[in-house]
Amino acid sequence: MTLQAYDRGVLALQRGAFEEARRQLEPAGSDDRALLLLGQLASSGHGEQADPVRARELYERAAELGNAEAAHNLGVLYATGRGVAEDQTAALRWYQRSAELGSVPARRMVGFMYATGQGAPVDQDAAERHWRMAAAAGEAQALHDLGTLFAYHKVDLPEAASWYLEAAKTGDETAKRELTLLAPKLRLSASVDPRARTMLGVIRAFHLLDPAGGVKLLAVSAEGGDPVAQRTLGYLVQHGVGTAKDDSRASALYRAAAEAGDPLAAFNLGVLSGAADEAVQWLRRAADAGVVEAYPRLGDRLSERDLDEEALRWYVRGAEARDKGSMFAAACWYRDGLGGPVDLVQALRWYLAMLDAGSVDGIHEAHAIVPRMTADEIHEAGRLSGRLLEADLFVQRQAAMSHTSD
């Protein structure tokens with residue numbers, strides 16, 4: 001299958017050849033992806049004078065064909081009044097349409113519009129609902145939004161702390177500062193509110209450089225059956241932070257939390273367990289609950305038991321969640337035919353996708369398999385990985401080598 005007009009347009013864009021990109025994309029007709037890119041070119045002014053009115057028209061055509069990003073861009077145009085009269089109601093409508101089509105950033109913006117009363121009356125419950133969906137889909141900013149919602153509007157400080165803690169794990173420095181501000185407020189109710197005590201314990205252990213103080217608070221909550229406290233205390237005990245290192249105690253704490261339904265505790269228990277069957281049991285429970293870190297670990301354990309087909313499924317699921325270790329494992333397994341037939345397209349796809357995870361470890365392996373692939377196969381791997389430019393460079397290199405050998 002030769003490169004289509006859209007793919008040639010994408011390659012031109014990635015090379016910075018904007019006029020060439022436009023020439024390739026214009027004939028794509030009703031391809032919503034091409035219309036989106038043409039709209040972005042018109043909006044940015046690359047290769048032509050910026051034309052937000054034309055951008056709006058192109059985005060509308062793409063959105064009508066079901067393009068989520070185009071609908072999101074229309075929301076931005078109406079929210080800012082660029083190329084159209086500013087209209088917050090229309091902006092909300094387009095963000096909602098984009099969210100319906102699967103855009104996670106648009107889902108977060110819908111929550112923001114409801115929280116601030118733009119395009120609709122203020123509705124904190126609607127904001128919370130949309131932010132929770134965005135957070136569950138991996139939108140890091142929604143974690144901070146939820147923390148702020150509960151800290152300053154719904155005034156549930158333990159809940160606010162839990163969301164800020166999740167945001168802090170993504171490197172959100174503002175969330176870390178908010179946790180410092182929350183600590184004295186949580187301290188006021190820690191003696192009577194188990195949730196406040198647990199959150200204060202976590203903050204003291206990981207953000208206020210007082211792990212011993214955190215251990216004391218968490219021990220009380222853990223004794224009361226709080227799974228978050230049990231899991232967190234288990235981690236501190238396992239690593240000897242603020243208390244004596246004790247794997248047996250850590251395992252018992254993880255087990256109590258896991259049996260109460262805490263998926264992260266199930267993951268920790270699976271990693272700590274020396275028994276293969278038990279490790280698989282707990283890792284599978286964590287993986288089924290969506291703990292990404294469990295996917296490659298479960299794949300490894302299943303591989304040890306020669307359950308290769310299931311192992312490959314978990315590696316692929318981890319790869320789709322952008323875990324670079326899972327990407328590398330999936331690529332190698334497809335290359336070698338483990339867990340299924342050899343599939344060099346999928347192998348190259350995941351080697352190239354590792355670039356988006358900041359890893360070049362797959363490129364050396366990619367060089368080794370592309371001589372066994374056709375140009376169409378290489379380009380297909382590029383499409384699937386979103387790395388069409390790198391794939392095309394492999395094709396050009398193969399063609400040059402073939403020409404030289406002739």
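Could you run through segment 1-52 and say how many residues are in a loop (DSSP other than H, G, I, E, B), touching a residue at least 24 places away in the same chain (Cβ under 8 Å) and within 29 Å of the chain's Cα centre (by Cα)?
Going through segment 1-52 one residue at a time, the tally reaches 2.
Failed condition for residue 214, given (1) part of a helix (DSSP H, G or I); (2) in the same structural domain as residue 160 (by TED's automatic domain parsing), with all others met?
Residue 214 satisfies every listed condition except (2).
If only one of 337, 358, 325 is in contact with a Pro (Cβ under 7 Å, 6 or more places away or on another chain) and not basic (Lys, Arg), which one is it?
Matching residue, one of 337, 358, 325: 325.
Tell me which residues, restricted to segment 274-333, are of a type in the set (D, E, K, R), more than 20 Å from the chain's Cα centre (by Cα) and under 25 Å from residue 255 (Cβ atoms).
Passing the criteria: 277, 278, 284, 285, 300, 301, 304, 305, 310.
Cβ-Cβ below 6 Å, separation at least six or inter-chain, first residue in segment 377-402 and touching a residue at least 60 places away in the same chain (Cβ under 8 Å), second small (Gly, Ala, Ser): which pairs?
379/391; 388/382
Conditions first: (1) within 20 Å of the chain's Cα centre (by Cα); (2) in a helix (DSSP H, G or I). Residue 73 passes all but one, so which condition is the exception?
Going through the list (1) within 20 Å of the chain's Cα centre (by Cα); (2) in a helix (DSSP H, G or I), residue 73 breaks only (1).
Confirm whether residue 215 is surrounded by fewer than 23 Cβ atoms within 10 Å (Cβ to Cβ) and without any contact (Cβ under 8 Å) to a residue 24 or more places away in the chain.
no
Scan segment 144-167 and tell me whether some residue there is buried (at least 20 other Cβ atoms within 10 Å of the Cβ), acidic (Asp, Glu) and closer than 18 Å to residue 109 by Cβ.
Yes, segment 144-167 has at least one match.
Looking only at segment 167-185, count how many residues are more than 20 Å from residue 221 (Cα to Cα) and either of a type in the set (D, E, K, R) or not in a helix (DSSP H, G or I) (or both).
8
May I ask you to say which residue of 265, 330, 319 is in contact with a helix residue (DSSP H, G or I) (Cβ under 7 Å, 6 or more places away or on another chain), buried (at least 20 other Cβ atoms within 10 Å of the Cβ), in the same structural domain as residue 372 (by TED's automatic domain parsing) and without any contact (Cβ under 8 Å) to a residue 60 or more places away in the chain?
330
Out of curiosity, is residue 188 in the same structural domain as residue 166 (by TED's automatic domain parsing), surrounded by fewer than 19 Cβ atoms within 10 Å (Cβ to Cβ), assigned to a helix (DSSP H, G or I) and without any contact (Cβ under 8 Å) to a residue 60 or more places away in the chain?
Spelling it out, residue 188 is indeed in the same structural domain as residue 166 (by TED's automatic domain parsing), surrounded by fewer than 19 Cβ atoms within 10 Å (Cβ to Cβ), assigned to a helix (DSSP H, G or I) and without any contact (Cβ under 8 Å) to a residue 60 or more places away in the chain.
Taking segment 362-406 as the search range and keeping residues that are under 17 Å from residue 327 (Cβ atoms) and surrounded by fewer than 16 Cβ atoms within 10 Å (Cβ to Cβ), which one is nearest to the chain's Cα centre (by Cα)?
My answer is 386.
Counting only residues that are of a type in the set (Val, Ile, Thr) and either under 25 Å from the mean Cα position of the chain (by Cα) or not in a helix (DSSP H, G or I) (or both), which one in segment 83-106 is modelled with the lowest pLDDT?
84
The values are calculated or read from the model by the stated rules, or taken from the named source; none is laboratory data. These numbers come from a predicted model, not from an experiment. Here Cβ is always computed from backbone atoms with ideal geometry, including for glycine, and neighbour counts include all displayed protein chains.
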